[in-house]
């Protein structure tokens, strides 16, 4: 078992990574009182809920099972969490446990941020994507029909418990989606890790335990460093959004849940790389390496067939990185070197969208 | 014009108190960009919205008018604020302006806390209650059918702009409700102010400008000191809740909006004082002074006729100050001296509820 630390003064917390952590005492040691509510979804519950509840024996444990899917990351479903907390008379000293992927983690974290103006919560991510990205760093949110993650809070968990055993049951498509965020760290700040991924993608897809553990640890390390330096995204934390402006537009335009978040980010990163090359900022020779790595991770590298350039423009205009009317994008100078800028050529972006979108033809 | 300061390190902000501030530049000087959304209600809009909008000429100003009343301080109405922000394409650099009483301030503040994980907001309170209490200190929330202020955030405004002119149009009942929170500061920490209120209640009810300004300033000063010492209510900030546990039970049980918040707090403070005396902690001779001051402010000193002891018990059990199953109450040792304790005699509380509740007979 490895322990990393997210350094945020009085909001610092550990990330535990290893096998067989679900039933251990890694949740229990971070509780403030005896009340716990484990929030999960209908896919994860039959697989892992009992293991977590058994590990909390002797405490006052309630469970709440939400529907599974990005389309349920809404204010309406969030209300069910508040209803359950109030009906169960959960006090300000209660702890919420988020057992699931990014949707469960984002919603449970946001519920914890708001319930009685803030109670403790612990992330227990069960997808690769949640383990390497969304469970670390305290970004919580729900979606709005007009934009992804538009309603939320920066609210840090008390601990992140990553049981690597759960990846055994993860569907292939979810594994690939998680690899998109893993590849992202290589692209934005860790060229050496990118090269490691080029060599080891086969092992990761074969679910080699050592390779997966290493990829999770190195990803969490990258994430923890970025978050510690810029908790509320005043600067460099935005680089973690490589591919996400294009990706969120895909998720919003196609309807939440059609494309997995990681799939949308995969295609989005490729679009960001292409724009960077068109701009002359990224060696076009590197486009091939990026495309090969994404493809080998079984991720899409082009947008959905039915999306138009206009679908992108309209949804990207609502991005949280819009600043004084200017849409800022994360672009690449090199593998391992990203920048946040509004200084790209808008015409090149238009050209890229038209060229990539078959929905226009 | 007087300026007070709420000292909270990088979250510090000014409170401006004086006449004719609405149309001045006190809002404008705290904007981060040119986007503004003024949120108000249907009662305040015809009176003061134009004055505020005129003061923001040249900026990109949108307005949103919500229904008026505590019963609309809900997640459903909050969604309308998010809808308007997204439809108006408000960016992370936008500023929300809360023009209204406690309901508008609490909801707008909570919307600001959540929109894009946090945007700026400015409080422009138009009721006495909001001016002396709810606009200062960063408590934001909406109600849940099972409990008041159960969903919210600690989120500080960038400024509080208190235009004392607006009290001219305030209904008598609202003026009295505000005086409940004014009297509260005297009871919990400012005996000298309590004596001043005993002498000057007539002037306040006659809306004497100098007396009202002094009461607002002294109340805000008390509030700012408490908040600066304990922003997130880990300790002494809870004392500001004198009468509120009884009061919230009244508001929840009678249906939000039947009793004004200040009226419920008035009756609640009297109940807290009676329990303190029954406990032997407060000189029973002081009960008369407290009752006279509340009555002279035209506030109720007994609970609603149709409430039963059980209505109180059930709703008080959901209070945010419940800790390890124990309900903590704010009680009085003296005028000007309050304590937070779970160490009172539960039987005396039961007796008090039965004696006070005519709904049981």
Those residues of the stretch B:78-104 which are more than 9 Å from chain A (Cβ to nearest Cβ), in a helix (DSSP H, G or I) and surrounded by 19 or more Cβ atoms within 10 Å (Cβ to Cβ) amount to B:81, B:102, B:103, B:104
Over the stretch A:290-321, the set of residues under 21 Å from residue A:194 (Cβ atoms) and out of contact with any helix residue (DSSP H, G or I) (no Cβ under 7 Å at 6 or more places or on another chain) is A:292, A:295
Take the conditions more than 14 Å from chain A (Cβ to nearest Cβ), crowded, with 22+ Cβ neighbours inside 10 Å and within 22 Å of residue B:209 (Cβ to Cβ) and apply them to residue B:168. Does it pass? no
task = Could you tell me whether residue B:179 is surrounded by fewer than 24 Cβ atoms within 10 Å (Cβ to Cβ) and more than 14 Å from chain A (Cβ to nearest Cβ)?
result = no
Checking A:59, A:49, A:78, A:96 in turn, the sole residue that is over 27 Å from residue A:145 (Cα atoms), within 23 Å of the chain's Cα centre (by Cα) and modelled with pLDDT of 95 or more turns out to be A:49
| Does residue A:165 satisfy the condition of being outside any loop (DSSP other than H, G, I, E, B), closer than 20 Å to residue A:244 by Cα and at pLDDT 95 or above? | no
Within the stretch B:340-348, can one find any residue that is touching a helix residue (DSSP H, G or I) at 6+ places or on another chain (Cβ under 6 Å), modelled with pLDDT of 95 or more and either outside the structural domain of residue B:247 (by TED's automatic domain parsing) or over 30 Å from residue B:68 (Cα atoms) (or both)? yes
Residue hits (the stretch B:1-41; touching a residue at least 60 places away in the same chain (Cβ under 8 Å), within 23 Å of residue A:232 (Cβ to Cβ), part of a loop (DSSP other than H, G, I, E, B) and in contact with a strand residue (DSSP E or B) (Cβ under 7 Å, 6 or more places away or on another chain)) are B:31, B:32
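Output the number of residues of the stretch A:42-72 satisfying the condition of being within 14 Å of chain B (Cβ to nearest Cβ) and either touching a helix residue (DSSP H, G or I) at 6+ places or on another chain (Cβ under 7 Å) or assigned to a loop (DSSP other than H, G, I, E, B) (or both).
To start, the set of residues in the stretch A:42-72 that are within 14 Å of chain B (Cβ to nearest Cβ) comprises A:59-60.
Narrowing further to those that are either touching a helix residue (DSSP H, G or I) at 6+ places or on another chain (Cβ under 7 Å) or assigned to a loop (DSSP other than H, G, I, E, B) (or both): A:59.
Number satisfying all stated conditions: 1.
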Picking from A:173, A:207, A:195, the residue that is surrounded by fewer than 20 Cβ atoms within 10 Å (Cβ to Cβ) and either within 14 Å of chain B (Cβ to nearest Cβ) or on the phi > 0 side of the Ramachandran plot (or both) would be A:207
TODO: Tell me, yes or no, whether the stretch A:211-230 has at least one residue that is surrounded by fewer than 22 Cβ atoms within 10 Å (Cβ to Cβ), part of a loop (DSSP other than H, G, I, E, B) and not assigned by TED's automatic domain parsing to the domain that holds residue A:104.
DONE: yes
The one condition residue B:40 fails out of (1) buried (at least 21 other Cβ atoms within 10 Å of the Cβ); (2) at positive phi is (2)
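The values are calculated or read from the model by the stated rules, or taken from the named source; none is laboratory data. Bear in mind the structure is a predicted one, so any value in this text is a computation, not a measurement. Ideal geometry is used to build each Cβ from the backbone, glycine not excepted, and the neighbour counts take in all protein chains shown.
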